[in-house]
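Note sheet for the following structure.
The values are calculated or read from the model by the stated rules, or taken from the named source; none is laboratory data. Because the structure is a prediction, the values reported are computed rather than measured. Here Cβ is always computed from backbone atoms with ideal geometry, including for glycine, and neighbour counts include all displayed protein chains. Note: accessible area is taken over every heavy atom of the protein model, side chains too, but ligands, DNA and RNA are not part of it. Shrake-Rupley method; radii C 1.70, N 1.55, O 1.52, S 1.80 Å.
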Amino acid sequence: MMAASIAVFLGYNVRVWGFPLVAVAILMAGYTLLTVLIWYYFGAEDMNKYLVTKLGGEPRMLLDGRPNVRDVLVNNAQGLLGRFMAILMTTVFPYIVLGSLFGVSAGGRALIKVAFLWTRRLRGGPAHAAIVSSAMFGTISGGPVVNVLSTGVLTIPMMLRRGFSPRFAGGIEAAASSGGQIMPPVMGVAAFVLSAMTIVPYRDVIVAATLPALAYFGCLFLTVVFQARKQGIEAVGKVSEDMRLTRTDMLHLLMIFLPILLILLLLLTPKEAIGCGPLSGLWGVTRIVSETGCRAENLPWFLELIQNSAGDAGSAGWWATALLVVLFFLDQEIRRQPGKILSALADAGLLVSRLYLMFLAVSVIDFCLNFTGLSNYIAIDIVGWLRNSGVDIGESPAFLFVALLATMLMAIVLGMGMPTVPAYINVALLMGPMLVGLGIATFTAHMFVFYFAVASAITPPVAIAAFAAASITKADPMATGVAAVRAGIVMFIIPFIFVFYPELLLIEQAQLNPLPGGDRFLPGFDGGIHLLHLLGLFARLAFALYLLASVLARFETRAMGRAEMALRLALAAIIMLKAPYLHVAGILVAIAVMLWHRRTPDPGTVQV
């Protein structure tokens, strides 16, 4: 009966989420069934562990496995009603409702106006506005296709009118919209899943995502600057009528920013800080100050309510949703048509039901991987092979790089035609134990996989965000996908950088040593943030990304030849090496190359 029910749900999954996700689930279920049958007919003795899944002892009986199967399916975290369903109902649900209500508020157009106002003095103009608006709108929508269709309908035509090619305009919009999933504070469903799978509070996930997101969008900004220089596009400067903010626009902005600020306030406020403020005496709160900090007692009911919500992502989402519903009634349009709120809530319910289907398929994969032990076998064998070959990962980063490259390829392949959430979960379950076994902190390993699951939205041949942008530009979808990869190539680079430099993630969990029997932190780390070192590292990263962006545009102050492009790429890599004598030398040579480049006369603007 349960097998038949799962088959029906998977069939609906094909209609809702497409075949790739269901294909992986069927493949894993088929592998599980095959290994069980091999055990039943041939036994486990002298059999390869990848080919056998034992259900019990001798004599072999299929019924021996029924209690174990029932227990795994319904009684533990890997079951069909386990951790992924818990994430959906307790954490993701309020943000789905919040996102649907944001769609009613028409705040997206107001955000785009703000983006145009902020970027009107920059050469890229609407292209820069597309990046800013996609980053801001993406942090409340979390979906690349929704982001493209919401902001791209306004930014892409303006980019085309300014002279950018359809491929470039579509590629920038797709890359920026996909980056909305890595932009704090609300990063989409996959980020909440990452928080739950790594047992890291969501507020720490927000902190960890900040510098990588700044680096990503900063590189997109530079790419547009160089492309605008290349095509001789000048800044608009003046404020046009379609940029002016009306009172209605200001109200729409309040409807977006106030709930987000409330989320940040609740997530970043420690529970113990509630009641320890200077006005706490007015409420009859008893403050107890000790060497370890402040603790409040005798809190009134409303402060207890806030204390219970502090640091909890689900509670913060519900409070923000309640605030937004109250703010809605300041909007004359909503007061005239209150049914829009009910329609938004209905849409949220439909989306939750669709996510339920997706998480069911993911739960089948999770169950099969744990039942067969496949992911653990892969991790143990790879780590054992490296140790037996005498390789010390800490001393041989090349082997670690190869392992990361293999994980990247798997994340991209599995993510093609699949939403970010299952793409991330599948690779995290399959390859995560191997990365942890190689000495990468658990959180950092999951962030690595998460980034490439997001990047799959712009990676051909199934680049869903790029295809959505191509539907607006009327350009070739595959060419738009290639342009999106070129514009967003840094999304494929940053994960490698924060694996080798986990201090960029700013949280202690990124520096924890996952291997048993060793120190608490990874070699060379103490769990803290050293500001001068961090500033120097981020400055090196910014310089390297500057060189990379100029290569992507094939232009800085003039056109570049292939030799100069190759040299800049090599220098960008050298600048990020850990050896001081190498990255200092790389910086000096890069400065010399840039000075030489600028002293060469500009041959004129080049049209694309």
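Return yes or no: is Met434 surrounded by fewer than 24 Cβ atoms within 10 Å (Cβ to Cβ) and among the aliphatic types (A, V, I, L, M)? Before you say what the answer is, go through the steps one by one.
On the way: surrounded by fewer than 24 Cβ atoms within 10 Å (Cβ to Cβ): yes; among the aliphatic types (A, V, I, L, M): yes.
Here the answer is yes, as Met434 does meet what is asked.
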| query | Looking at this structure, is Ser343 in contact (Cβ under 8 Å) with a residue 40 or more places away in the chain and small (Gly, Ala, Ser)? | reply | yes
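Being touching a helix residue (DSSP H, G or I) at 6+ places or on another chain (Cβ under 6 Å), modelled with pLDDT of 90 or more and surrounded by fewer than 20 Cβ atoms within 10 Å (Cβ to Cβ) is the requirement here; does Met565 meet it? So that I can check it myself, show each step before the final result.
Details: touching a helix residue (DSSP H, G or I) at 6+ places or on another chain (Cβ under 6 Å): yes; modelled with pLDDT of 90 or more: yes; surrounded by fewer than 20 Cβ atoms within 10 Å (Cβ to Cβ): yes.
The answer is yes for Met565.
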Given the conditions (1) surrounded by 13 or more Cβ atoms within 10 Å (Cβ to Cβ); (2) modelled with pLDDT under 85; (3) within 27 Å of Ala209 (Cα to Cα); (4) not polar (S, T, N, Q), every one holds for Val606 apart from (3)
Please tell me if Met565 is closer than 26 Å to Ile233 by Cα, part of a helix (DSSP H, G or I) and more than 30 Å from the chain's Cα centre (by Cα). no
Residues of the range 1-49 being loosely packed, with under 15 Cβ neighbours inside 10 Å and among the basic types (Lys, Arg), in sequence order, are Arg15
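One residue is enough: does the range 367-375 have a residue meeting the conditions among the β-branched types (Val, Ile, Thr), open to solvent by less than 60 Å² (accessible area, probe 1.4 Å) and without any contact (Cβ under 8 Å) to a residue 40 or more places away in the chain?
First, pick out the residues of the range 367-375 that are among the β-branched types (Val, Ile, Thr): 372.
Pick out the ones that are also open to solvent by less than 60 Å² (accessible area, probe 1.4 Å) and you get 372.
Then drop every residue that is not without any contact (Cβ under 8 Å) to a residue 40 or more places away in the chain, which leaves none.
The answer is no; no qualifying residue exists.
Quick one: in the range 112-132, which of the residues that are assigned to a helix (DSSP H, G or I) and small (Gly, Ala, Ser) is surrounded by the most Cβ atoms within 10 Å (Cβ to Cβ)? Step through it out loud before you land on a result.
From the range 112-132, those assigned to a helix (DSSP H, G or I) are 112-119, 126-132; that's our starting set.
Then drop every residue that is not small (Gly, Ala, Ser), which leaves 115, 127, 129-130.
Working: Ala115: 25, Ala127: 30, Ala129: 29, Ala130: 34.
By that ranking, first place goes to Ala130.
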Flagged pairs (Cβ under 7 angstrom, 6 or more apart or on separate chains; first in the range 214-227, closer than 7 Å to Ala549 by Cβ; second of a type in the set (Ser, Thr, Tyr) and assigned to a helix (DSSP H, G or I)) are Leu222/Tyr546; Phe226/Ser550
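Would you please name the residue that is nearest to Thr223 (Cα to Cα), looking only at residues in the range 501-543 that are among the aromatic types (Phe, Trp, Tyr) and open to solvent by 50 Å² or more (accessible area, probe 1.4 Å)?
The initial filter retains those residues of the range 501-543 that are among the aromatic types (Phe, Trp, Tyr), namely 501, 521, 525, 538, 543.
Within this subset, residues satisfying the condition of being open to solvent by 50 Å² or more (accessible area, probe 1.4 Å) are 525, 538.
On the way: Phe525: 34, Phe538: 18 Å.
Ranking the candidates gives Phe538 first.
Could we say that Val205 is buried (at least 24 other Cβ atoms within 10 Å of the Cβ) and farther than 21 Å from Pro460 by Cβ here? Break it down into steps so the answer makes sense when it comes.
On the way: buried (at least 24 other Cβ atoms within 10 Å of the Cβ): yes; farther than 21 Å from Pro460 by Cβ: yes.
Yes.
I'd like to check which helices (runs of 4 or more DSSP H) are fully inside the range 439-518 and have at least 1 residues that are of a type in the set (A, V, I, L, M, F, W, C), in contact with a Phe, Trp or Tyr (Cβ under 9 Å, 6 or more places away or on another chain) and closer than 26 Å to Pro201 by Cα.
Working: elements: 442-455, 464-473, 477-487, 494-500.
Qualifying helices (runs of 4 or more DSSP H): 442-455, 494-500.
Mind checking which helices (runs of 4 or more DSSP H) fall wholly inside the range 137-253 and carry at least 1 residues that are among the aromatic types (Phe, Trp, Tyr) and over 21 Å from Val114 (Cβ atoms)? Write out each step before concluding.
Details: elements: 144-162, 166-179, 189-198, 202-231.
The helices (runs of 4 or more DSSP H) meeting that bar are 166-179, 189-198, 202-231.
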Of those in the range 85-95 that are within 9 Å of Gly317 (Cβ to Cβ) and either of a type in the set (A, V, I, L, M, F, W, C) or touching a Leu at 6+ places or on another chain (Cβ under 7 Å) (or both), the residue modelled with the highest pLDDT is Phe93
For the range 140-176 the number of residues that are open to solvent by less than 40 Å² (accessible area, probe 1.4 Å) and in contact with a Gly (Cβ under 6 Å, 6 or more places away or on another chain) is 4
In the set Tyr581, Tyr546, the lone residue that is aromatic (Phe, Trp, Tyr), in a helix (DSSP H, G or I) and under 29 Å from the mean Cα position of the chain (by Cα) is Tyr546
| message | Being open to solvent by less than 30 Å² (accessible area, probe 1.4 Å) and at pLDDT 80 or above is the requirement here; does Ala135 meet it? | response | no
Across the range 440-467, the tally of residues that are at pLDDT below 85 and either open to solvent by 10 Å² or more (accessible area, probe 1.4 Å) or of a type in the set (Asp, Glu) (or both) stands at 5
